[in-house]
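Peer 1: For reference, the structure I am asking about is given below.
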């Protein structure tokens, strides 16, 4: 089926000019690069806004967006950001955390008893809560000052994280022991609730990575996984420089399985399996 034929079968018309304008505005508002192969994804996500607002076409939506930018920009951004996540996704990072990194930090920080972790691009909070569970499993004493900062551009997923309520299907991959110890099954039997002892460890904040960062750090561990793939190389270089500046030497960075720092940053040494240690 050709592109024109496929366009005819769609509910709304999205022209090349419409796609180019969406890409330009996404870049201006978020820094995200929407290549041409993202066209179908863009159509399906923005079509929801067209439908919700009872508009007739993408052209009408883009006119609405430009005339109501303060009101609509958040929903526009939320529509385009990707929120694929799960508990203990890319499990090797959490094994490294549990078996090597956290025991080492427990010894190295025994005087200050302070631990700071940043989940950048945290989506619905499953990553941040997976980190919190791993910290609990590592047996840190109760008098430690441990905080996990979870940030994302999408205000909707942050609200999900704050509430800590997930569908039962989201529990796939969680052991029976972890489910029983750190979650409650809600009365409807179709959802689970994160217990307060984990929720108290995680602080959710909206953050555009391209704007000013209000937090000061320093962070002992940063998870920035499957986030920078949406930015061009120059933007990635700036981001990893800023991240490195927020970390002391010897701190650790976890990135996504399809990402690497080659040609992007020389301030981290690779430990393998997308795990890095800040060197300079």
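Peer 1: Hey, residue 102 hits all of (1) in contact (Cβ under 8 Å) with a residue 60 or more places away in the chain; (2) over 19 Å from the mean Cα position of the chain (by Cα); (3) surrounded by 18 or more Cβ atoms within 10 Å (Cβ to Cβ) but one; which does it fall short on?
Peer 2: Looking at each condition in turn, residue 102 falls short on (1).
Peer 1: Looking at segment 158-173, which of its residues are assigned to a helix (DSSP H, G or I) and in contact (Cβ under 8 Å) with a residue 60 or more places away in the chain?
Peer 2: 170, 171
Peer 1: Give the residue, chosen from 123, 130, that is buried (at least 22 other Cβ atoms within 10 Å of the Cβ), touching a strand residue (DSSP E or B) at 6+ places or on another chain (Cβ under 8 Å), without any contact (Cβ under 8 Å) to a residue 60 or more places away in the chain and under 14 Å from residue 88 (Cα atoms).
Peer 2: Just one listed residue meets the conditions, 123.
Peer 1: Give just the number: which of (1) assigned to a loop (DSSP other than H, G, I, E, B); (2) within 28 Å of residue 239 (Cα to Cα); (3) more than 17 Å from the chain's Cα centre (by Cα) does residue 110 not satisfy?
Peer 2: Of everything listed in (1) assigned to a loop (DSSP other than H, G, I, E, B); (2) within 28 Å of residue 239 (Cα to Cα); (3) more than 17 Å from the chain's Cα centre (by Cα), residue 110 misses just condition (2).
Peer 1: Another question, if that's okay. Does segment 113-125 hold any residues that are at pLDDT below 95 and either in a helix (DSSP H, G or I) or closer than 24 Å to residue 244 by Cβ (or both), and which are they?
Peer 2: Selection gives 121, 122, 123.
Peer 1: State all residues of segment 139-159 that are surrounded by fewer than 18 Cβ atoms within 10 Å (Cβ to Cβ) and closer than 30 Å to residue 30 by Cβ; if no residue qualifies, say none.
Peer 2: 147, 155, 156, 159
Peer 1: Checking residue 60 against (1) surrounded by fewer than 19 Cβ atoms within 10 Å (Cβ to Cβ); (2) in a strand (DSSP E or B); (3) in contact with a helix residue (DSSP H, G or I) (Cβ under 8 Å, 6 or more places away or on another chain), which test does it fail?
Peer 2: (2)
Peer 1: Identify, please: which residue in segment 257-280 is part of a strand (DSSP E or B) and touching a strand residue (DSSP E or B) at 6+ places or on another chain (Cβ under 8 Å) and is, among those, nearest to residue 218 (Cα to Cα)?
Peer 2: 278
Peer 1: Now for a different question. Go over the candidates 254, 215 one by one and state the one that is part of a loop (DSSP other than H, G, I, E, B) and either within 21 Å of the chain's Cα centre (by Cα) or surrounded by fewer than 18 Cβ atoms within 10 Å (Cβ to Cβ) (or both).
Peer 2: Exactly one of 254, 215 is part of a loop (DSSP other than H, G, I, E, B) and either within 21 Å of the chain's Cα centre (by Cα) or surrounded by fewer than 18 Cβ atoms within 10 Å (Cβ to Cβ) (or both), namely 215.
Peer 1: Right, something else. Exactly one of (1) within 30 Å of residue 250 (Cα to Cα); (2) modelled with pLDDT of 90 or more is unmet by residue 69. Its number?
Peer 2: (1) is the only condition that residue 69 fails.
The values are calculated or read from the model by the stated rules, or taken from the named source; none is laboratory data. What you see is a predicted model, and the numbers here were worked out from it, not measured in a lab. Every residue, glycine among them, receives a Cβ derived from its backbone with ideal geometry; neighbour counts consider all protein chains shown.
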